[in-house]
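One structure is given here, and the rest of the page talks about it.
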Amino acid sequence: MRLFLICILLLISFTGFGQTQYSIKNKSAIKAYEGAQSLLELNEFDAAQKVLSDALKSENAFLEAYHLLGDIFRIKQDYLKAKENYRKAFSINPDFAPERYFYLADVELKSGDYQEAIVHFNLFKTKATPKPDRLSLADKYLNDCNFALNAIKNPVSFHPLNISPQINTEHHEYMASLSTDGETLIFTRQINNNEDFYKSVKKNNEWQPAEYLSANINTPNYNEGAQCISPDGRFLFFTGCNRPDGMGRCDIYVSEKEGDNWSKPINLGSPINTGGWESQPSLSADGRTLYFVSDRPGGLGSYDIWMSTLDENARWQKPVNLGSTINTPFDEQSPFIHPDNETLYFSSNGWPGMGNKDLFISRRDSLGNWSLPENLGYPINTYGEESGLSINSEGTKAFFSSNNYKGNGGFDIYSFDLPQKIKPKAVNYVKGKVFDAISKKPLNALVEIVELSTANSLYGAYADRIDGTFLAVLPNNRKFGLNVFEDGYLFYTENFSTERYPDGQPISLDIPLNKIAVGNKVILKNIFFDTNKYDIKDDSKAELAVLIDFLNDNKGIIIEIQGHTDNIGDDKANLLLSENRAKSVQRYLIEAGIDAKRLKSRGFGENSPIDINDTIKGRANNRRTEFLIIGI
């Protein structure tokens, strides 16, 4: 549709030169030229091209025909042939229609002929009488030429590798989305002009043969593409166009992973989708912000990048334009927000670049402001169109599609090592499995992760209903508390720190849940005290809030709060310390409104260890607060 509109607009530029006389007298050539114009009005570009070529065989000085043929090749994006015909026309008469130097310079820019483009843009400015908007565009393109020449003199490291013959075929493969753990790749494959999703999984560090993703998502009559995987791998957001349940030309849909299959997709509806064009979703690491491209009213250019956030009721809010720091009066597309939630990659033909759409990076500061975009540099960017970049969670490798290299056929998916200057922050992630402690049956439990120092929630989702697994992306060098909830079960708590794990190394957790029953207990791993003290530290509040909610939800439960120490120090002092710590928790709960009759406290000192006391880790495990159900 967009190409059709471009063609209609450009027809205006070559349906005539406002003259009654031609540069030649050859009537048959003139008749052929006018016939070509009629064909163009019917969008018969190939036929018009042939007629003009025949006309030029009989009259090789027909400069209007060269200009018109150049316009056709320009629309067809055959910039080399467009350039050849424009140059032939100006070689015959350099002063004929000087406003058309703009078109020659444009195709020179888009084919990487920057020095000549500068010459002809300047001729356009000096010989023609351009309108202000066209003059401004010429200045913009001159800036692009100068940027490109400088970028070529200062190349960045770039060594693309074809990702795998198990993925790339003689067909087109593009728009690669990598799961956070790097073990699943979902991409678009085009066969006979039909776009569908395929996936490949990595085993023993090798990509396996790609498989058709799901008949629930792929359709025989519509195209599916421009997708992203949620960081936990549970949801696929994608673009579907002209579907029966669509609101506009293209809409954003979501499908949930169900074991080895995917659910029927759901249109995200309003306010994400409109009667216009919404596409190219990218989801933040916490799953709460969706970035996408839209041509809706209120933007700065034809296509802008927008964002929407989830409210407390899990509803998408009215999208917000990312503003003039990111968007321009031109086109911005293909957003990719890295799991660090701070680094945005996107394509644009509005910011200074190499001539077409280039790839850019912008970083968000602590106040939520985006930095001015930075071009990724040459030869990552070229005079062609670059888009569709995605980055692994470690921030070391980028994935993109291209037909500029000797691949398997058409567009193939490639990877390359990111230069240090344009790397995002590396992130860690935790992978876990929730199951019944006795039967080992997977549980569809609610998993929450909070940052202990702030009590801010960083993750909240249900474990997979089929296998009980979950995955959460986490920033580096922080301390976290994990809480797991399931109806009829005691909650589970854990704490861990990404300070102890190398970048990108997963944290693996097995989480057994015990049913609510007399005699069962929970170790409160996120309640903290200073050494030899019993004042509850502030970073314990998130855990205590969980315990308070549990007691309020289960009014009949009576618990005993138990304090324990390691074996360092005097036995009697340790016993007293453990008793005081248990009482501190008891008082906190009473002050929070829990009936004192439901709370007992007891200290055990060093007498009930659950680990050895010969190591730092063992002693840390033995220093603990827990509660035991003593009555229901």
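The values are calculated or read from the model by the stated rules, or taken from the named source; none is laboratory data. Because the structure is a prediction, the values reported are computed rather than measured. A quick note on method: Cβ atoms are made from the backbone with ideal geometry, for glycine too, and the neighbour counts reach across all protein chains shown. Surface accessibility is based on the protein's heavy atoms, side chains included, excluding ligands, DNA and RNA. Shrake-Rupley method; radii C 1.70, N 1.55, O 1.52, S 1.80 Å.
Scanning the range 172-185 turns up no residue that is hydroxyl-bearing (Ser, Thr, Tyr), open to solvent by 60 Å² or more (accessible area, probe 1.4 Å) and not in a loop (DSSP other than H, G, I, E, B).
None of PHE550, PHE604 is buried (at least 16 other Cβ atoms within 10 Å of the Cβ) and under 29 Å from VAL447 (Cα atoms) except PHE550. Any residue that is open to solvent by less than 20 Å² (accessible area, probe 1.4 Å), under 23 Å from SER390 (Cβ atoms) and either small (Gly, Ala, Ser) or in a strand (DSSP E or B) (or both) - is there at least one of those in the range 313-332? Yes: one or more hits. Residues in the range 261-277 include none that are assigned to a strand (DSSP E or B), surrounded by 15 or more Cβ atoms within 10 Å (Cβ to Cβ) and of a type in the set (Gly, Ala, Ser). Annotation: of all residues in the range 105-150 being basic (Lys, Arg) and without any contact (Cβ under 8 Å) to a residue 12 or more places away in the chain, the one that is least open to solvent (accessible area, probe 1.4 Å) is LYS140. Taking the listed residues TYR378, TYR345, TYR405, TYR414, the one that is out of contact with any Pro (no Cβ under 7 Å at 6 or more places or on another chain) and not basic (Lys, Arg) is TYR345, with no other qualifying. In this structure, is SER294 surrounded by 20 or more Cβ atoms within 10 Å (Cβ to Cβ) and either over 17 Å from LEU236 (Cα atoms) or polar (S, T, N, Q) (or both)? For SER294, the condition - surrounded by 20 or more Cβ atoms within 10 Å (Cβ to Cβ) and either over 17 Å from LEU236 (Cα atoms) or polar (S, T, N, Q) (or both) - is met. With respect to the stated conditions, GLY395 is open to solvent by less than 10 Å² (accessible area, probe 1.4 Å), part of a loop (DSSP other than H, G, I, E, B), more than 30 Å from VAL107 (Cβ to Cβ) and not hydroxyl-bearing (Ser, Thr, Tyr). Kindly check whether there is at least one residue in the range 475-493 that is open to solvent by 30 Å² or more (accessible area, probe 1.4 Å), at negative phi and among the β-branched types (Val, Ile, Thr). Checked against the condition, which is being open to solvent by 30 Å² or more (accessible area, probe 1.4 Å), at negative phi and among the β-branched types (Val, Ile, Thr), the range 475-493 yields no hits at all. Among the residues of the range 309-342, those identified as more than 11 Å from TYR291 (Cβ to Cβ) and either of a type in the set (Ser, Thr, Tyr) or in contact with a His (Cβ under 8 Å, 6 or more places away or on another chain) (or both) are SER324, THR325, THR328. Of all positions in the range 383-395, at least one carries a residue that is within 30 Å of ASP139 (Cα to Cα), touching a Lys or Arg at 6+ places or on another chain (Cβ under 9 Å) and modelled with pLDDT of 90 or more.
The residue that is nearest to GLY384 (Cα to Cα), counting only those in the range 54-91 that are of a type in the set (Asp, Glu) and within 45 Å of the chain's Cα centre (by Cα), is ASP78. Figure legend. Inter-residue proximity from the range 439-459: first residues more than 26 Å from LYS541 (Cα to Cα) and in a strand (DSSP E or B), second residues of a type outside the set (S, T, N, Q) and open to solvent by 40 Å² or more (accessible area, probe 1.4 Å), beta-carbon distance below 6 Å, spacing 6+ or different chains. Indicated pairs: PRO442/ASP467. Looking across the range 601-616, not a single residue is of a type in the set (Asp, Glu) and within 24 Å of GLY631 (Cβ to Cβ).
Hey, can you tell me all the residues within the range 513-535 that are open to solvent by less than 50 Å² (accessible area, probe 1.4 Å), closer than 19 Å to LEU446 by Cα and assigned to a loop (DSSP other than H, G, I, E, B)? Once the filter is applied, which keeps residues that are open to solvent by less than 50 Å² (accessible area, probe 1.4 Å), closer than 19 Å to LEU446 by Cα and assigned to a loop (DSSP other than H, G, I, E, B), the range 513-535 yields ILE516, ASN526.
Taking (1) touching an Asp or Glu at 6+ places or on another chain (Cβ under 7 Å); (2) part of a loop (DSSP other than H, G, I, E, B); (3) surrounded by 22 or more Cβ atoms within 10 Å (Cβ to Cβ) in turn, GLY301 satisfies each apart from (3).
Of everything in the range 536-559 that is β-branched (Val, Ile, Thr) and assigned to a helix (DSSP H, G or I), the residue that is farthest from the chain's Cα centre (by Cα) is ILE548.
Put simply, of LYS397, LYS423, LYS406 the only residue that is in contact (Cβ under 8 Å) with a residue 24 or more places away in the chain and either of a type in the set (D, E, K, R) or under 30 Å from ALA517 (Cβ atoms) (or both) is LYS423.
The single condition among (1) outside any helix (DSSP H, G or I); (2) in contact (Cβ under 8 Å) with a residue 60 or more places away in the chain that LYS199 does not meet is (2). Could you tell me whether ILE568 is in a strand (DSSP E or B), closer than 22 Å to ILE610 by Cα and aliphatic (A, V, I, L, M)? Here the answer is no, as ILE568 does not meet what is asked. Identify the residue in the range 352-386 that is open to solvent by 40 Å² or more (accessible area, probe 1.4 Å) and polar (S, T, N, Q) and, among all such residues, is nearest to SER111 (Cα to Cα). My answer is SER371. Cβ separations smaller than 6 Å between residues 6+ apart or across chains give no pair from the range 524-537 residues that are free of Cβ contacts under 8 Å to residues at least 40 places away in the same chain and more than 24 Å from LEU490 (Cβ to Cβ) to residues that are open to solvent by less than 100 Å² (accessible area, probe 1.4 Å) and not hydroxyl-bearing (Ser, Thr, Tyr). Within the range 415-438, one or more residues are open to solvent by less than 50 Å² (accessible area, probe 1.4 Å), closer than 30 Å to ASN193 by Cα, outside any loop (DSSP other than H, G, I, E, B) and not charged (D, E, K, R). When we screen ASP46, ASP71 for residues that are on the phi < 0 side of the Ramachandran plot and open to solvent by 50 Å² or more (accessible area, probe 1.4 Å), the only hit is ASP46.
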